[in-house]
Amino acid sequence: MFKNFIKGGHKKHSKSDSIDGSLHGYGLPGSGHPGSGSNSSVVVNFASRPGHNAKFSNPCPRTTLPPMFAVEPLPLFKDVAVSDRQNLFLRKLQICCFRLDFSNTLKLVREKEIKRQTLLELVDFIQSGSGKITERCQEEMIKMVVVNIFRCLPPASHENTGQEAKDPEDEEPYLEPSWPHLQLVYELLLRYIVSSDTDTKVAKKHIDHTFVSKLIDLFGSEDPREREYLKMILHRIYGKFMVHRPLIRKAINNIFYRFIYETQRHSGIGELLEILGSIIHGFTLPMKEEHKLFLVRALIPLHKPKAVSIYHQQLSYCVVQFVEKDYKLADKVIRGLLKYWPMINCQKEVLFLGELEEVLEATQTAEFQRCIVPLFRQIARCLNSAHFQVSERALFLWNNEYIVGLIAHNRQVILPIIFEALERNIQHHWNEAIHGLTANVLKMFLEMDAELFDKCEAQFAEKKAKARDVEEQREMIWEKLADAAAERGGDHM
């Protein structure tokens, strides 16, 4: 008896046992209903799994021993009777539930190819709409999706990996090695959601709040291909499942708050802003207070992080959408931009000036007048920037007819604020192109109101003369101090 026990303890394992053991914690679709029908060939041969014929009850059963199996290809959908296709669909899902190790490209090549081909067949089956899948098939399909896409993401290069922190713009994105399979799983999920055959009432039982929350967490993936699929899927879920809309907005809000006030690192900010851009476009008037708070507490502070250039295009679109929806928000937006205006980052200043122009195009006269003074004081500083691109971008505001109209209507306030900056450009700026653009702006103001122009010019000349007198007095005082010091020094000697 002891010898028999020893023999059993040294049982030889098959080669297929090396498939990723991380899948053992997941229930296999259709495990409670083993293959039946005319094409019930065994797909997964379990050599040691007690009770595998028991009724499927727990969606995530735990097994103490890893299953030993061999993946075999299944017939195509077109090669089986219509009545057997739902059953075949379940068995194909069973194959796709196995997560394979992609860290070694030479490992389990055959099994990887079988799974890839099976996923392709499932995508084609859903896309073709050749047969409406049952509720149970939908449930098992979502379970298969969960097994494949919800995983621990690898640590980013900026996290505690022992590497030196780099600028987010200079980092090479991490590409998911399992993407050949992962892409097909995402494609299957996308086709299922957009399909006209998908019953929303049935689908929302499986695509629930937990599923959507985990899906949003995956936007932290560094792989841009994965984020693109996530963007399309989440956008479709937002449009099709109204019950998830508050959750999606709140979850995105929380990601933004963590990004702004804690980490300042997240790979999916741009994609989330793209989704929000289309959501904001669909807002109805009067706008809810929740949405206005989102603008003030999340979107405007998103201008603060150093990496804003990565997602600025999408952020600018969202902000401008708010102003176009409700022009009364223009004053808050402009003051928010001024609050987070970069002090030493010239590239960010150029981006801010571009966004400012788009906001001003959607601004009405009353809102414009509320923020004229702080706005044009900042523009005056930009006009005198030693970085010619900043100065040039500020001067380009006068190429916009609508903004010129706003300026002309309020020239009595604006010209005295910026006249000195324009004159300094003419006299001292090192770039010849800036001289030409500044001269054009001065000419424009002269044609608008010659009397006001002359008045500002006289004030500038008077101020310059006073400054010259102050400088001369300062020099005289220093000369007297020098003479007094020389006399005292001579007496001492």
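The values are calculated or read from the model by the stated rules, or taken from the named source; none is laboratory data. These numbers were taken from a predicted model, which means no experiment stands behind them. So basically every Cβ, Gly included, is an ideal-geometry build from the backbone, and we count neighbours across all protein chains shown. For accessibility, only protein heavy atoms count, side chains too; no ligands or nucleic acids. Shrake-Rupley method; radii C 1.70, N 1.55, O 1.52, S 1.80 Å.
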With every protein chain left in place and a probe of 1.4 Å, what is the accessible surface of Asp79, to the nearest 10 Å²?
100
Using R₀ = 22 Å, calculate the FRET efficiency as 1/(1 + (r/R₀)^6) where r is the Cβ-Cβ separation of Val82 and Val194; round to 0.05.
0.40
With +1 on the Cβ of every Lys and Arg and -1 on the Cβ of every Asp and Glu, the dipole magnitude of the stretch 294-453 about its Cα centre, in debye rounded to the nearest 20, is 800
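For Asp217, Asp326, what's the largest-to-smallest order of accessible area, 1.4 Å probe? Could you put the intermediate results ahead of the total?
Details: Asp217 95, Asp326 25 Å².
Ranked from most to least accessible, the order is Asp217, Asp326.
Around Arg85, with a cut-off of 12 angstrom between Cβ atoms, what is the net charge of the other residues, counting Lys and Arg +1 and Asp and Glu -1? Write out the running numbers ahead of the final one.
Numbers: positive: Lys78, Arg91, Lys92, Lys132; negative: Asp79, Asp84, Glu121.
Result for the local shell: +1.
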Phi-based couplings in Hz for the stretch 384-401 (Karplus 6.51, -1.76, 1.60; Gly and Pro marked x)
8, 4, 5, 7, 4, 5, 5, 4, 4, 5, 5, 5, 5, 4, 7, 8, 8, 4
Work out from phi, with θ = phi - 60° and the Karplus expression 6.51 cos²θ - 1.76 cosθ + 1.60, the ³J(HN,Hα) of each residue of the stretch 349-364, listed in order in whole Hz, and give x for Gly and Pro.
4, 4, 4, 4, 5, x, 5, 4, 4, 5, 5, 5, 5, 9, 9, 8
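Kirkwood-based Rg over Rh for the stretch 200-296 (C-alpha set), two decimals?
Working: Rg = 13.5 Å, Rh = 14.1 Å.
Answer for the stretch 200-296: 0.96.
Please compute the per residue accessible area over the stretch 333-462 with all protein chains in place, 1.4 Å probe, rounded to a whole number of Å². List each step's numbers first, then the result.
Working: 6180 Å² over 130 residues.
Value for the stretch 333-462: 48 Å² per residue.
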For Ala439 and Ser278, what is the calculated FRET efficiency with R₀ set at 60 Å and r taken between the beta-carbons, to the nearest 0.05?
0.85
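Which pairs, out of Lys304/Lys325; Lys325/Lys348; Lys143/Lys214; Lys143/Lys201, put more than 19 Å between their alpha-carbon atoms?
On the way: Lys304/Lys325 24 Å; Lys325/Lys348 26 Å; Lys143/Lys214 13 Å; Lys143/Lys201 17 Å.
In this structure, Lys304/Lys325; Lys325/Lys348 exceed 19 Å between Cα atoms.
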With every protein chain kept in place and a 1.4 Å probe, the residues His206, His303 fall, from largest accessible area down, as His206, His303
From the phi angles alone, apply the Karplus equation (6.51, -1.76, 1.60; θ = phi - 60°) to the stretch 112-129 and give each ³J(HN,Hα) in whole Hz, x where the residue is Gly or Pro.
5, 5, 4, 5, 5, 5, 5, 4, 4, 5, 5, 4, 4, 5, 5, 5, 6, x
